[in-house]
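Let me begin by presenting the structure, written as structure tokens, before commenting on it.
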Amino acid sequence: MALNRRYVPDLKKMAAACEGNYIRLNKLMPNFEQGFETSFLIRGDLASDEPLRQARIELKVVESFPYTSTIEVVQKGLCPDWIQPPSMLVRLYHDA
């Protein structure tokens, strides 16, 4: 019976992914002061027989400190009214 190998995270790849995500988020949201909000539309054909649909992505700084910020990300527009739109909180760690 073969034993499963223990998972070993690749820290270089993980750090590169985190840095890339931070840079991309900085382009979408250049201001991390508490209360700052921005939004944008994403468009796409979800299925070949459906017309072009769009969703609004809303970003809001809900918490801001010298070394961290918390961003709320909400997608609106593609869900029926009876479904709560997908959302998440993203914690950013800023270098000194």
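The values are calculated or read from the model by the stated rules, or taken from the named source; none is laboratory data. The shown structure was predicted, so the numbers you read here are calculated from the model rather than taken from an experiment. Glycine gets a Cβ as well: all are built from the backbone with ideal geometry, and neighbour counts include every protein chain shown.
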In region 6-39, residues that are modelled with pLDDT under 90, among the aromatic types (F, W, Y) and either surrounded by 11 or more Cβ atoms within 10 Å (Cβ to Cβ) or closer than 20 Å to E63 by Cβ (or both) total 1
Confirm whether E58 is part of a strand (DSSP E or B) and either at pLDDT 85 or above or out of contact with any Asp or Glu (no Cβ under 7 Å at 6 or more places or on another chain) (or both).
yes
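Among the residues of region 80-96, what is the count of those that are in a loop (DSSP other than H, G, I, E, B) and surrounded by 11 or more Cβ atoms within 10 Å (Cβ to Cβ)? It would help to see each step written out before you state the result.
The first filter runs over region 80-96 and keeps only residues in a loop (DSSP other than H, G, I, E, B), leaving 80-86, 94-96.
Right, trim to surrounded by 11 or more Cβ atoms within 10 Å (Cβ to Cβ) and you get 85-86, 94.
Here the count works out to 3.
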Which pairs have Cβ atoms under 7 Å, sit 6 or more apart or on different chains, and link a residue in region 74-96 that is on the phi > 0 side of the Ramachandran plot to one that is surrounded by 13 or more Cβ atoms within 10 Å (Cβ to Cβ) and of a type outside the set (S, T, Y)?
G77/A55; G77/R56
Report every pair of residues separated by at least 6 positions or lying on different chains whose Cβ atoms are under 9 Å apart, first residue within region 1-26 and free of Cβ contacts under 8 Å to residues at least 24 places away in the same chain and of a type in the set (A, V, I, L, M, F, W, C), second loosely packed, with under 10 Cβ neighbours inside 10 Å and not in a helix (DSSP H, G or I).
C18/Y93
What residue, among those in region 40-52 that are aliphatic (A, V, I, L, M) and surrounded by 10 or more Cβ atoms within 10 Å (Cβ to Cβ), is modelled with the highest pLDDT?
I42
